[in-house]
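What follows is a short report on a single structure.
We did not get these values from a lab; they are worked out from the coordinates using the rules stated. Since this is a predicted model, take the numbers as computed values, not measurements.
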Amino acid sequence: MEDSPQRAVQGLGSFPWYVGGTQVLGLACVVITGVWMGSYHGGYAWDGSGQEFNVHPLCMVLGLVFLYGDAILVYRVFRNESKRNVKVLHAVLHLLALIISIVGIVAVFDFHNHNKIPNMYSLHSWCGMLTFVLFCVQWLMGLGFFLFPGTLMALRSWYLPLHVFFGLAMLAMSLASCLLGISEKLFFSIQHTYSQFAPEGILGNMLGLLLVAFGILVGYVVTREDFRRPPHPEEEALSVHFKTLTEGRGSPTSP
């Protein structure tokens with residue numbers, strides 16, 4: 001027990017490497033998606049053509065994977081900032097992810113409608129839309145529970161574990177939707193040459209593996225106890241005051 005703080009400090013020595021790894025993997029996913037759609041499918045446009053569809057995978061990987069993962073990590077990365085500032089950054093990153101994702105969803109629906117292609121018929125589209133809807137609900141509930149000052153501390157304490165769990169669950173859902181989308185796109189594009197290790201197929205498979213690695217590394221950083229944000233003096237004072245007011249009931253802990 002006595003050497004636990006020392007082990008925690010030693011564990012933090014590897015923390016920057018893990019965080020750096022998430023950023024390298026996340027940026028690689030965005031870049032490879034951009035290169036894939038740009039080099040193999042003609043680039044980007046907003047005219048109802050296949051180039052408009054290409055906006056969809058790029059926006060979803062950028063928004064619901066990379067920025068969403070970074071939003072989850074802010075409580076670990078900004079360990080010494082005030083908790084309210086970190087909450088605001090957490091909400092802003094989620095808002096950016098939401099806006100970019102909306103652009104991606106509008107792009108694919110507009111492409112389908114322009115080309116008389118049915119919407120929402122595939123497992124990819126079902127999982128993706130479910131993830132997006134839950135993401136919106138999670139963002140709104142987080143905004144209401146954790147940023148509005150009028151929310152009761154007891155409600156925050158009740159909702160926090162759910163918020164953390166569903167945050168990680170939806171990152172997993174986003175990654176699963178991306179993997180389904182990659183497979184769907186490859187089968188539509190190179191159905192007859194996919195089994196012959198076509199370059200586009202290899203690139204898509206590499207993207208899938210990098211997405212999985214990104215999700216695993218983000219999950220590891222978020223769940224490792226050594227990397228948890230330490231309580232600050234002002235937060236401990238508020239916690240003690242809350243316990244006094246509620247006659248011993250616990251207060252919310254940091255994510």
- Item | In Hz, Karplus ³J(HN,Hα) per residue of the range 52-68 (6.51, -1.76, 1.60; θ = phi - 60°; x = Gly, Pro) | 6, 4, 4, 5, 4, x, 5, 5, 5, 5, 5, x, 7, 10, 5, 5, 5
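Extension gain VAL106-MET120, at 0.36 nm per residue separation less the Cα-Cα distance, in nm?
Numbers: separation 14, 0.36 × 14 = 5.04 nm, distance 1.29 nm.
Between VAL106 and MET120, full extension yields 3.8 nm more.
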- Message: Please list 3J(HN,Hα) in residue order for the range 74-89, calculated via the Karplus relation 6.51 cos²θ - 1.76 cosθ + 1.60 where θ = phi - 60°; whole Hz, with x for glycine and proline.
- Response: 4, 5, 8, 6, 9, 6, 10, 7, 5, 5, 5, 4, 5, 4, 5, 4
